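Working notes, beginning with the structure itself.
The values are calculated or read from the model by the stated rules, or taken from the named source; none is laboratory data. For clarity, every value in this text was computed on a predicted model and none was experimentally measured. Every residue, glycine among them, receives a Cβ derived from its backbone with ideal geometry; neighbour counts consider all protein chains shown.
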Amino acid sequence: MNAKKLSEEVSVSPQIMPADIAAIAAQGFKTIVCNRPDGEGTDQPLFAEIEAAARAAGLSVRYIPVSTGKVTDEDAAAFGDALSQMPKPVLAYCRTGTRSTTLWALSEGARRPAAEIAERAKAAGYDVSGVLSRISNKGLIDTDHPVASHDIVIVGGGAAGAAVAASLLRRRPNLDIAVIEPAETHYYQPGWTMVGGGVFQKEETAKAMGAVLPRRVTWIKAAVAGFEPEANCVVIEGCRTIRYKHLVVCPGIKLNWDGVEGLSQTLGKNGVTSNYRYDLAPYTWELVRSLRSGRAIFTQPPMPIKCAGAPQKAMYLAADHWLRKKCLKDIDIGFYNAGGVLFGVADYVPALMEYVKRYDVTLNFNHTLLAVDGPAKKAWFKKAGADGAAETIETSFDMIHVCPPQQAPDFVRSSPLADTAGWVDVDPATLRHKRYPNIFGLGDASNTPNAKTAAAARKQAPVCAENILFDMGLGSALCAYDGYGSCPLTVERGKIVLAEFCYGGKLAPSFPKYIIDGMQPSRAAWILKERILPPIYWKAMLKGREWMARPKVMA
């Protein structure tokens, strides 16, 4: 925990963890204010976890969530009211501390000179010049005076963002590229299924962001607040702007934990877990190992989601462990899927159904998780009937693995770049934005109708790089993305059904059948997933080495 003092009464901090609460109390703080909405990051503890730890330590706590860069006058007023009412001193936190500092600056605007606010914020390590400009500009964002300008700006330093930056620099090493990414850690998220299955350690899936991004890019450690495409500007936290000539939007996907009632309050305890969070995947394995009898539930929300096969991967690995420990006969497994089929590409369903039968899984289609009561070990689902009618189904559990509902990040959904569903609106082949020709999008936040997987980003990144360079007059031809996605379905420890497909569910195997027959579970596919794909991710995809991912020129 790294608290920075803004005044005698208020300090700010980047994200805190429940384990930090004792130290916070020891430093004399009386109140904790959370300004970060749940679900912004995959390694982010939920507010309910912070609240429980704070109250146990005798601290007051207040939740004033503000989406990145969306600080309103009403938010500032609520923050000021909280400061006037809560015991002092107060520690406010968000992802980096910038939102909390912005709220403080706006709430202090009527009481302190602007120069003093700027000086105090600067001493704490925060730039509020954009905030003060907003105040003087009557709430409007100043796009005439950006804090930086770059030829190419990439929003997001995850799999898609790091890969497209590396692909661009492999082709043109002297490009002026900036990556806007607030996170300090980069995660190999496909590995979390293996962590939840006891195969990987979670630490194997994480590296420092600075060690992953190409050395020749400018890393802007800030969160994006919005877009001003008419002015060729990205708005970052603190009401500051970054100007671009070409923009690449790939910020990933938002996990909406609050989309299921009661889920935030019970995650990581009471038998409630999810491989969709870095710190919870080990808890999945803990639950699997400790369960010897009872009821285990695995859920899948409505599409689209990140890695559509991940919910059932967790189920198969758990069931295989119970089978090997000879206790499967005492465990009732239920798979509750909001959709109507086991897997979206029908060719792979027969192989998966063999495992459904082996593990005696009860399939419940058209069931959407509504609420979870961890202490009571109960869950409620909305069951949709063929006639359109719906009913609420209650069930008990001893263990439940939840895949949360998912959507595009808030700053994308509310932006001019979004389609009607909130996703970045791009051409599915060229990945160019449909309305703004100098903007491209890829990865989980785009509306391309492919599986949202790292494998898709691996194929999209070179296409995006080639097409940006072509648009800049530095490339020879436009390239096309064919919708490739891959889902290595871990049906048992040591075997995988390797699903590979393009737009429209067309099969797209990477290997001859005598090496890997994707229609059948195989040891070779497991070796690919366990031993080959992680180094390909770290040492090839994120370094611009496009093994089996060279883009195809448009016909």
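Kindly indicate whether P282 is touching a residue at least 24 places away in the same chain (Cβ under 8 Å), closer than 30 Å to F470 by Cβ, assigned by TED's automatic domain parsing to the domain that holds A351 and within 21 Å of the chain's Cα centre (by Cα).
On the way: touching a residue at least 24 places away in the same chain (Cβ under 8 Å): yes; closer than 30 Å to F470 by Cβ: no; assigned by TED's automatic domain parsing to the domain that holds A351: yes; within 21 Å of the chain's Cα centre (by Cα): yes.
So P282 does not fit the description; no.
Residue by residue, here is whether (1) assigned by TED's automatic domain parsing to the domain that holds P89; (2) within 24 Å of E261 (Cβ to Cβ); (3) β-branched (V, I, T); (4) at pLDDT 95 or above holds:
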| position | (1), (2), (3), (4) |
| --- | --- |
| A19 | yes, no, no, no |
| I24 | yes, no, yes, yes |
| K30 | yes, no, no, yes |
| C34 | yes, yes, no, yes |
| G39 | yes, yes, no, no |
| T42 | yes, yes, yes, no |
| F47 | yes, yes, no, no |
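Can you tell me how many residues in region 298-348 are assigned to a strand (DSSP E or B) and under 23 Å from the mean Cα position of the chain (by Cα)? First the steps, then the outcome.
Here is the first cut: in region 298-348, the ones assigned to a strand (DSSP E or B) are 298-300, 306, 331-337.
Subsequent filtering for residues that are under 23 Å from the mean Cα position of the chain (by Cα) retains 298-300, 306, 336-337.
Residues flagged as assigned to a strand (DSSP E or B) and under 23 Å from the mean Cα position of the chain (by Cα) within region 298-348 amount to 6.
Tell me yes or no: at least one residue of region 147-164 is farther than 24 Å from R36 by Cα, without any contact (Cβ under 8 Å) to a residue 24 or more places away in the chain and not small (G, A, S).
no
Looking at S7, is it modelled with pLDDT of 95 or more and farther than 30 Å from S414 by Cα?
no
Having 3 or more residues that are touching a helix residue (DSSP H, G or I) at 6+ places or on another chain (Cβ under 7 Å) and under 30 Å from P375 (Cα atoms) is the bar; report the strands (runs of 3 or more DSSP E) wholly within region 213-293 that clear it.
none
Among all residue pairs at least 6 apart or on different chains, which show Cβ distances below 9 Å where the first residue, located in region 380-404, is of a type in the set (G, A, S) and the second is assigned to a loop (DSSP other than H, G, I, E, B) and crowded, with 17+ Cβ neighbours inside 10 Å?
Hits for this filter: A384/A338; S396/K377.
Among the residues of region 323-348, write down those that are closer than 25 Å to K383 by Cβ, surrounded by 14 or more Cβ atoms within 10 Å (Cβ to Cβ) and free of Cβ contacts under 8 Å to residues at least 60 places away in the same chain.
Residues satisfying the conditions are I331, D332, I333, F335, Y336, N337, A338, G339, L342.
Output the residues belonging to region 503-517 that are under 13 Å from D347 (Cα atoms), in a loop (DSSP other than H, G, I, E, B) and either of a type in the set (F, W, Y) or in contact (Cβ under 8 Å) with a residue 24 or more places away in the chain (or both).
Once the filter is applied, which keeps residues that are under 13 Å from D347 (Cα atoms), in a loop (DSSP other than H, G, I, E, B) and either of a type in the set (F, W, Y) or in contact (Cβ under 8 Å) with a residue 24 or more places away in the chain (or both), region 503-517 yields only A508.
As an exercise: evaluate Y359 against (1) of a type outside the set (A, V, I, L, M, F, W, C); (2) farther than 26 Å from Q265 by Cβ; (3) out of contact with any strand residue (DSSP E or B) (no Cβ under 8 Å at 6 or more places or on another chain) and give the number of the one condition it does not meet.
(3)
Name the residue, out of R172, R215, that is out of contact with any Asp or Glu (no Cβ under 8 Å at 6 or more places or on another chain), surrounded by fewer than 23 Cβ atoms within 10 Å (Cβ to Cβ) and at pLDDT below 95.
R215
Looking only at strands (runs of 3 or more DSSP E) that lie completely in region 349-437, which have at least 1 residues being surrounded by 15 or more Cβ atoms within 10 Å (Cβ to Cβ) and modelled with pLDDT under 95?
Qualifying strands (runs of 3 or more DSSP E): 378-384.
One residue is enough: does region 63-74 have a residue meeting the conditions assigned to a loop (DSSP other than H, G, I, E, B) and without any contact (Cβ under 8 Å) to a residue 12 or more places away in the chain?
Within region 63-74, one or more residues are assigned to a loop (DSSP other than H, G, I, E, B) and without any contact (Cβ under 8 Å) to a residue 12 or more places away in the chain.
Filter region 75-98 for residues that are small (G, A, S) and outside any strand (DSSP E or B); which is farthest from S274 (Cα to Cα)? Outline the logic, then answer.
If we filter region 75-98 for residues that are small (G, A, S), which is where we start, we get 76-78, 80, 82, 84, 92, 97.
Retained after the next criterion (residues that are outside any strand (DSSP E or B)): 76-78, 80, 82, 84, 97.
On the way: A76: 34, A77: 36, A78: 33, G80: 36, A82: 33, S84: 38, G97: 27 Å.
Here the answer is S84.
If I filter region 304-327 for residues that are over 17 Å from P488 (Cβ atoms), of a type outside the set (S, T, N, Q) and at pLDDT below 95, do I get at least one hit?
yes
Looking only at region 69-85, filter to residues that are out of contact with any Lys or Arg (no Cβ under 7 Å at 6 or more places or on another chain) and surrounded by 19 or more Cβ atoms within 10 Å (Cβ to Cβ); which one of those is farthest from A208 (Cα to Cα)?
That would be L83.
Return the residue satisfying two criteria in turn: it lies in region 95-130 and is free of Cβ contacts under 8 Å to residues at least 24 places away in the same chain and basic (K, R), and of such residues it is surrounded by the most Cβ atoms within 10 Å (Cβ to Cβ).
So the residue we want is R112.
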